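Quick notes on the structure that follows.
The values are calculated or read from the model by the stated rules, or taken from the named source; none is laboratory data. The structure presented is a predicted model; accordingly, all values stated were derived computationally and were not measured. Reconstructed Cβ throughout: ideal geometry from the backbone, glycine too, with neighbour counts over all protein chains shown. Just so you know, the surface numbers come from the protein's heavy atoms only, side chains and all, with ligands and any DNA or RNA stripped out. Shrake-Rupley method; radii C 1.70, N 1.55, O 1.52, S 1.80 Å.
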Amino acid sequence: LLDLLQKKGCINLAKHPKGREARIEYLKEWGASAYEDVWHFRRGNDNAVIFYADSGEIWAENELPFRIIKRLQDNKTKKLNINFLDKYADKSPIHNGGSAYEFKYRGITELLGNTQDGFAMRVRNTPESYYDTYHEYYPNENIKKSGAFNSEGYLKLGIWKYYDENGRLTKEIDETPKAKFTYDNLWGLMREEMGITAPEFVEIEFNKQNNTWHLYSTMHAETENGGFTKIYESIINAENGKFIQKDKEIGPLRNKNISEEEKFWNTLLFKEKDYSDYPMPSLPTY
């Protein structure tokens with residue numbers, strides 16, 4: 001592995017003590033790690049080299065791991081790189097012909113899709129980010145829409161771009177909720193007054209009609225008689241950041257507005273699982 005890095009000019013072994021232990025320490029300095037047959041090398045915030053361990057082929061250079069999106073989408077046309085998926089993604093047949101793809105990268109990048117419905121990809125911009133980047137593609141692999149969601153959710157934020165089937169930009173819309181107490185302000189309040197420090201602990205919605213932020217947190221617990229789920233809702237005035245309601249239990253279920261993007265993602269998630277060979281359950285006879 002070190003020889004390969006040496007050939008690429010990424011490291012200079014001549015300047016480092018020789019010997020197995022010394023080389024292992026050198027790899028540790030680079031932040032070397034192996035994940036799903038892919039080796040990653042990183043030191044500091046640059047000079048990352050990623051290559052497929054079986055063949056030694058380098059397929060991303062000088063990129064931080066979370067920038068792998070550059071390998072999945074052409075920088076100029078924004079067209080999905082189906083050749084990359086054919087090589088590195090999990091590929092399976094779907095009911096009516098064609099293929100479904102699933103590509104996951106270190107919990108940061110996830111892509112689902114098939115050649116009939118299209119494709120969707122989410123990228124956590126950094127492991128600690130409160131924003132996810134979202135890209136949706138037509139079945140012909142051209143970009144359909146792109147923008148940002150709140151991490152772990154479907155609240156649209158920032159400028160969203162929409163394209164026709166030929167990949168031509170048709171419109172740009174600022175989808176950020178028009179709230180004086182902004183999304184970033186909201187995260188400050190959650191950290192300081194509610195102890196919420198990570199996106200996976202809360203769902204966020206914005207009620208445009210009432211100009212209010214709605215936060216939903218879920219608690220799961222197991223008892224001797226089985227498990228139970230509780231959902232708590234907090235409502236915050238989007239004008240001044242004051243609590244209207246804090247941590248009110250609303251039951252095990254709640255009414256949720258499902259966005260087009262979430263419906264599409266769930267369609268892809270279900271469709272790539274092939275249940276055609278599953279036997280029908282037998283019915284009891286009386």
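In order along the stretch 206-220, phi translates into HN-Hα couplings of 10, 9, 5, 5, 9, 6, 9, 8, 10, 10, 10, 10, 10, 10, 10 Hz, rounded to whole numbers, per the Karplus curve 6.51 cos²θ - 1.76 cosθ + 1.60 with θ = phi - 60° and x for Gly and Pro. Taking all protein chains together and rolling a 1.4 Å probe, residue 206 ends up with roughly 50 Å² accessible. Karplus-derived 3J(HN,Hα) values for the stretch 162-167, using 6.51 cos²θ - 1.76 cosθ + 1.60 with θ = phi - 60°, are 10, 10, 8, 5, 8, x Hz; glycine and proline are entered as x. Using 1/(1 + (r/R0)^6) with R0 = 35 angstrom and r between the beta carbons of residue 197 and residue 20, what's the FRET efficiency to the nearest 0.05? It comes out at approximately 0.30. In this structure, residue 185 and residue 209 have a Cβ-Cβ separation that, at R0 = 25 Å, corresponds to a calculated FRET efficiency of about 0.80.
For residue 74 and residue 216, the difference between the fully extended length at 0.36 nm per residue and the C-alpha to C-alpha distance is 47.4 nm.
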